[in-house]
Number of protein chains: 2
Amino acid sequence: MSHQRDRASTRNAQTGPSGLDLPDLPEATVARLPEYLRALHGLAETGLDVVSSEELAGAAGVNSAKLRKDLSYLRSSGTRGVGYDVASLIAKIEYVLGLSQHRTVALVGVGNLGHALAGYAGFESRGFHIAALFDADPRRVGERIGGLRVHHVDELPLVVAQERISIAVIATPAQAAQSVADALVACGVTSILNFAPKVLNVPDNVDVRKVDLAIELQILSFHEHRKASLTALPSTLGGVLGQEAYGS
Amino acid sequence: MSHQRDRASTRNAQTGPSGLDLPDLPEATVARLPEYLRALHGLAETGLDVVSSEELAGAAGVNSAKLRKDLSYLRSSGTRGVGYDVASLIAKIEYVLGLSQHRTVALVGVGNLGHALAGYAGFESRGFHIAALFDADPRRVGERIGGLRVHHVDELPLVVAQERISIAVIATPAQAAQSVADALVACGVTSILNFAPKVLNVPDNVDVRKVDLAIELQILSFHEHRKASLTALPSTLGGVLGQEAYGS
DNA sequence: CACGATTTGTGCATGCCTTCACAAATGCCT
DNA sequence: AGGCATTTGTGAAGGCATGCACAAATCGTG
Ligand SMILES: NC(=O)c1ccc[n+]([C@@H]2O[C@H](COP(=O)([O-])OP(=O)(O)OC[C@H]3O[C@@H](n4cnc5c(N)ncnc54)[C@H](O)[C@@H]3O)[C@@H](O)[C@H]2O)c1
Ligand SMILES: NC(=O)c1ccc[n+]([C@@H]2O[C@H](COP(=O)([O-])OP(=O)(O)OC[C@H]3O[C@@H](n4cnc5c(N)ncnc54)[C@H](O)[C@@H]3O)[C@@H](O)[C@H]2O)c1
């Protein structure tokens, strides 16, 4: 689990003894469900209450067959000849993603990036509540950001338990990231979103996802490099390959 | 191209007429090269000058066979029985990623998040130079951030041309993202990193990568939900499945 | 009630990615 | 010089993911 994708499927489809009845989802599907959810919320705002796989796929930027297959894993409730009921599909995806009630999130490292994250309204509207902020710098402790007081990182165990926090965001410098992760794991946190450019070592039952902006830019850079070498081709061939019509 | 992964391989292995000699890289490999590069820089700082695939894979958090196969696409220069020369491997990866000289980047939308990005030192050290900032809000135009003046977004064409910008970052609200993307494309920008939660519509020759933090959290939430339903199991079974040893 | 238009759900083929396992190559040590 | 330990580079197999293409289901209409 510590790596992004370990096993593709998560759990057997049968109704578990816990009664939670979670279907068996390929990891690639899990990664797309949030995209569908966002697209659905957008469509719901326009007043639409039924949507076809073609429309929704368009809004989410994926192939419609892929979308249908993804939704079929959710014991899909589409109606042939009609489409999907927007409201109930939203509810179903939110349930599967565990968003039926807001999840509380801790944010560790209230620096440059942490400030932006702490003040970001988009999390609340998408199922998350930032419940606590932490920093190691005494000058930052006590500061109030968006209605929250910054705690010292030593208070992690106490606050994490009090607020029933299960997900944490690390926005500290890379050199501090591993020790912060260790502290989080010791408090019982089992999901971490890591912004520090450092591979974290965590137990198998803890999930880590990373966001590294430099990596994203470097991937873009690769394609730029490639495109540059193509457009440097003798003219016609480069022109034909490089320029095509719009549309997905 | 506009979608994250379209075709797996990029270009034929033969030396192109342009003489640039870019190998044929699977997209999955391209996405990992930056990770290797970061790990290598870390190792280089410790004074190491030769590294085995096992060590490097550990530092990058991947399987060593995968690492070796990835590097083999680069006409790899490892030495059997010894390992890879750190300095020359860094140079090779940087070349392939198009980082041999710094790339200039434009940042559009200097709000909450944009401020953090503009002030981030990590980009410079990893091959990028933020050369220009843009915003539509007249109150922000003229403001100086980290030595850069904020331009009005109308000046995009002029500045993009002057600074030879090929990559742009969008950090505007979602509703403005598409029009900003259109403007960027019109200026000749061919790579976009998008932070706005909105699917962008761009020509085929433009690459878009998106970063959506809420999506990352929602993926984590899914796994939390799943873990919770497992630990709710009748004891032994749940315990055995849910708890495993450390190590990757 | 029957028919046609529409749209879902999915079997299937194809291709990509990952991982194992091992032969080939290198360097060190005696 | 020869043998041994080490480590790369890669063939091959298996597992996922993708997308086509179509049968099955549903609705509206006459
Ligand atoms: N700023 C950006 O736009 C940006 C972009 C990409 C990646 N990142 C990464 O995000 C992380 C944070 O970046 P930043 O620009 O906000 O850095 P920053 O230095 O502004 O903030 C880091 C914060 O973490 C706190 N901190 C340090 N050690 C700590 C510890 N052990 N426990 C708790 N808090 C601790 C510091 O006091 C500081 O407030 C870095 O790893 C950086 O590489 C930042
Ligand atoms: N703040 C975060 O931590 C965070 C986290 C995740 C995602 N995001 C996303 O990143 C984007 C920016 O977030 P933010 O919090 O910085 O928002 P913000 O409102 O603070 O900043 C947006 C900036 O974009 C500028 N802008 C608006 N329209 C523009 C246009 N047409 N051209 C150029 N500039 C324009 C505004 O003047 C403002 O300065 C949003 O789409 C948000 O959803 C932000």
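What follows draws every value from the coordinates through simple rules; no lab data is involved. If you're wondering where the values come from, they're calculated on a predicted model, not measured in any experiment. Cβ atoms come from the backbone with ideal geometry, glycine included; neighbour counts cover every protein chain shown.
Starting at the first residue of segment A:77-88, write each ³J(HN,Hα) from the Karplus equation 6.51 cos²θ - 1.76 cosθ + 1.60 with θ = phi - 60°, in whole Hz, x for Gly and Pro.
10, x, 10, 4, x, 10, x, 10, 6, 4, 5, 6
What residues from segment A:194-232 fall in the zone where the backbone N is under 18 Å from a label point 7 Å along the Cα-to-C-beta line of B:S125?
A:195-200, A:211-218
What is the spin-label model distance, in nm, from B:Q175 to A:S76 if the labels are put 7 Å beyond Cα along the C-beta direction?
3.3 nm
Ranking B:E54, A:E224 by Cβ neighbours within 10 Å, fewest first, what do you get?
B:E54, A:E224
Give, in nm to one decimal, the length gained when the segment between B:L48 and B:Y95 is fully stretched (0.36 nm per residue of separation minus the Cα-Cα distance).
My answer for the length gained is 14.8 nm.
From the backbone phi of segment A:200-217, what are the Karplus-calculated ³J(HN,Hα) couplings (6.51 cos²θ - 1.76 cosθ + 1.60, θ = phi - 60°) in whole Hz, Gly and Pro given as x?
Computed from phi, the couplings for segment A:200-217 are 8, 9, 9, x, 5, 7, 9, 9, 10, 10, 10, 10, 10, 5, 5, 5, 4, 5 Hz.
Per residue of A:101-108, what is the mean number of Cβ atoms on other protein chains within 10 angstrom of that residue's Cβ?
Taking the mean over all residues of the peptide, I get 1.
Can you order the peptides B:32-42, A:39-49, A:202-212 by their average number of other Cβ atoms within 10 Å per residue, highest first?
The densest-packed peptide leads the list: B:32-42, A:202-212, A:39-49.
State, as an integer percentage, the relative contact order of segment B:151-207 based on alpha-carbon contacts under 8 Å between residues 6 or more apart.
The normalised contact order for segment B:151-207 reaches 37 percent.
Where a Cα-Cα gap under 20 Å defines reach, which lysines qualify for B:K66, not counting those fewer than 8 residues away within the same chain?
Reachable lysines: A:K198, A:K210, B:K92.
Placing a label point 7 Å from Cα toward Cβ, how far apart in nm is A:A121 from its equivalents in the other copies, listed shortest first to one decimal?
3.4
Roughly what would the spin-label model give for A:E155 and B:A136, points 7 Å off Cα along C-beta, in nm?
Calculated label separation equals 4.0 nm.
Let a ≥ b ≥ c be the square roots of the eigenvalues of the Cα gyration tensor of segment B:61-212; is it rounded (a/c under 1.5), or, if not, prolate (a/b larger than b/c) or oblate?
Prolate is the answer for segment B:61-212, as a/c is 1.5 or above and a/b outweighs b/c.
Mind checking the mean number of beta-carbon atoms from other chains within 10 Å of the Cβ atoms in B:199-208?
So the per-residue partner count for this stretch is 5.
By average Cβ neighbour count within 10 Å, what is the ranking of A:216-223, B:86-93 from highest down?
A:216-223, B:86-93
Could you calculate the FRET efficiency of B:R144 with B:K69 from 1/(1 + (r/R0)^6), where r is the beta carbon distance between them and R0 is 45 Å, rounded to 0.05?
For R0 = 45 Å, the calculated efficiency reads 0.45.
Counting only other chains, what is the mean number of Cβ atoms within 10 angstrom of the Cβ of each residue in peptide B:113-124?
4
To one decimal in nm, how far is A:D137 from the same spot in the other copies, if labels go 7 Å from Cα toward Cβ? Please give the shortest first.
2.2
Using only the alpha carbons, work out the radius of gyration and Dmax of segment B:85-163 in angstrom.
15.0, 51
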